[in-house]
Amino acid sequence: MKITLSNRLNKISNFVKPYRNIVDIGTDHCLVPISLMLKKEIDYAIATDINEGPIKEAVKNVKFYKLENHIDIRQGNGLCPLSENDNLDVIIISGMGGLLITDILNTGKDILHLNKRLILQPNIHEEYVRRWLMENAYEIVLEDMVYEDGIYYEIIVGDKHPFRIDYSMKELKFGPLLLKSKNHLFREKWQKILAKKEETIINIPNNHKKKRNFADEIELIKEVLDG
């Protein structure tokens, strides 16, 4: 028996190793924990969601695969259902906006000292997520991109570090590791953003402050793509 994950969820799952205990925040149908458990890649998982509907689906799926002793389903907001008695090696937060992800992390700071790795997949505002990792002493150790349903998703993995590692404004915006690889999805995403900004700037009056900001962003993207 196995579960077929989307490309996005499969990439997220691949970043769990070498850890064996995970927490999946906003688990929806609990697909990632179940898939990892069936492949014997983890020993235990906690899966949470704020909404009753996904929780019911998660419970049903866990029972179907007879994993009740290995996956604990909890309803609640963000990290609130967790405690210091839980094994929090890897926390996964995916499929949300970057601002919501940072809000969840800030709200649960009291237990994050127990954490070793964060796997974060913001739908937008990736820069805010990287800044939070930097400011809270996580090193960005892995980054990847997925194109799914017409959207470019960035997956950011941060490992707890004994001291803060500073990233430049450019690294926060584009991703320190994505900047090094500049893979085809990275180029596709930023070429499309560049084209849209170049189209928009034409309609902004010359004396408008917004035009200068757009021009600066355009130059920065060109510099990254051409560099």
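The values are calculated or read from the model by the stated rules, or taken from the named source; none is laboratory data. Not measured: the values here are computed from a predicted model. All Cβ positions, even for glycine, are placed from backbone atoms using ideal geometry, and neighbour counts span all protein chains on display. Heavy atoms of the whole protein, side chains included, go into the accessibility calculation; ligands, DNA and RNA do not. Shrake-Rupley method; radii C 1.70, N 1.55, O 1.52, S 1.80 Å.
State which residue pairs qualify: first residue of a type in the set (S, T, N, Q) and inside the stretch 102-117, second residue outside any helix (DSSP H, G or I) and open to solvent by less than 60 Å² (accessible area, probe 1.4 Å) in any location, beta carbons under 7 Å apart, and separation of 6 or more residues or different chains. Note: pairs meeting the criteria are Thr107/Gly78; Thr107/Leu79; Asn115/Leu88; Asn115/Ile91.
Lys60 falls short on exactly one of the conditions (1) among the charged types (D, E, K, R); (2) in a helix (DSSP H, G or I); (3) touching a Ser or Thr at 6+ places or on another chain (Cβ under 7 Å), and that condition is (3). Once the stretch 71-104 is narrowed to residues that are open to solvent by less than 30 Å² (accessible area, probe 1.4 Å) and among the hydroxyl-bearing types (Ser, Thr, Tyr), the residue that is farthest from Val32 (Cα to Cα) is Thr102. Within the stretch 45-57, residues that are in a helix (DSSP H, G or I) and hydroxyl-bearing (Ser, Thr, Tyr) reach no partner that is modelled with pLDDT under 95 and surrounded by 19 or more Cβ atoms within 10 Å (Cβ to Cβ) with beta carbons closer than 9 Å at six or more positions or on different chains. For the stretch 106-149, the candidate set comprises residues that are modelled with pLDDT of 95 or more and on the phi > 0 side of the Ramachandran plot; within that set, the residue that is surrounded by the most Cβ atoms within 10 Å (Cβ to Cβ) is His125. Note on the stretch 152-181: among residues that are open to solvent by 40 Å² or more (accessible area, probe 1.4 Å) and in contact (Cβ under 8 Å) with a residue 40 or more places away in the chain, the one that is nearest to Val129 (Cα to Cα) is Lys173. When the stretch 196-212 is filtered for residues that are open to solvent by less than 70 Å² (accessible area, probe 1.4 Å) and within 23 Å of Gly98 (Cβ to Cβ), the ones remaining, listed by number, are Lys197, Thr200. Of all residues in the stretch 10-20, those that are open to solvent by 30 Å² or more (accessible area, probe 1.4 Å) and outside any loop (DSSP other than H, G, I, E, B) total 3.
Just to verify a result, which residue in the stretch 191-214, among those that are touching a Lys or Arg at 6+ places or on another chain (Cβ under 9 Å) and in contact (Cβ under 8 Å) with a residue 12 or more places away in the chain, is farthest from Ile155 (Cα to Cα)?
Residues of the stretch 191-214 that are touching a Lys or Arg at 6+ places or on another chain (Cβ under 9 Å), as a first pass: 194, 201, 204-205, 214.
Narrowing the set further to residues that are in contact (Cβ under 8 Å) with a residue 12 or more places away in the chain leaves 194, 201, 214.
Details: Leu194: 21, Ile201: 30, Phe214: 26 Å.
The selected residue is Ile201.
Inspect all residues belonging to the stretch 25-38 and state whether any of them is open to solvent by less than 30 Å² (accessible area, probe 1.4 Å), more than 20 Å from Asp86 (Cβ to Cβ) and of a type in the set (Ser, Thr, Tyr). Scanning the stretch 25-38, I find at least one residue that is open to solvent by less than 30 Å² (accessible area, probe 1.4 Å), more than 20 Å from Asp86 (Cβ to Cβ) and of a type in the set (Ser, Thr, Tyr), so the answer is yes.
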